[in-house]
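First the structure, in the form of structure tokens, and then the observations on it.
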Amino acid sequence: MTNLLTKIVALGALVLLLGASHSLAADAQVKIANFTFDPPTLTVKAGTTVTWVNADDIPHVVSEKNGAFRSSALDTNDTFTQTFPTAGTIEYFCAIHPHMTGKIIVTP
């Protein structure tokens, strides 16, 4: 009986651990620095919230290529978040500096 109880407790701990790992994986970050998005391409699972953080000394605006989302001007250390509920590829750029581009690949 003690052996069975030990296995049940271990299984419960594993389930909790897997659940915690899953929720941690639901967040991702893109750093804006030196006029680049880092990483330039980010792959996440559907339902993930991505946060852009401006580490540059000048403002940037994160804008989806087709206008699906757009941040306000992000000053140094400002952030912008967007959740991606469905699979697909999202291309974005800085509306102030259009040569800055990035991509989010959302998997099921």
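Just so you know, all these numbers are worked out from the coordinates, no wet-lab data involved. Fair warning: this is a prediction, and the values are worked out from it, not measured in the lab. Methodologically, a virtual Cβ is constructed for each residue, glycine included, from the backbone with ideal geometry; neighbour enumeration extends over all protein chains shown.
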Q: With only Lys, Arg, Asp and Glu charged, each at its Cβ (+1 for the first two, -1 for the last two), find how big the charge dipole of segment 26-107 is about the Cα centre; round to the nearest 20 debye.
A: 320
Q | Residue list for segment 65-108, given a label point 7 angstrom along the Cα-to-Cβ vector of T43 and an amide N cut-off under 20 Å | A | 84-92, 102-108
Q: Using only the alpha carbons of segment 26-71, determine the length spanned along each of the three principal axes and report them from longest to shortest in whole angstroms.
A: 32, 21, 14
Q: Would you please state the base-10 log of I(q)/I(0) at q = 0.13, 0.21, 0.25, 0.27 1/Å for segment 26-107, with intensities from the Debye formula using one equal scatterer on every alpha carbon?
A: -0.33, -0.89, -1.26, -1.46
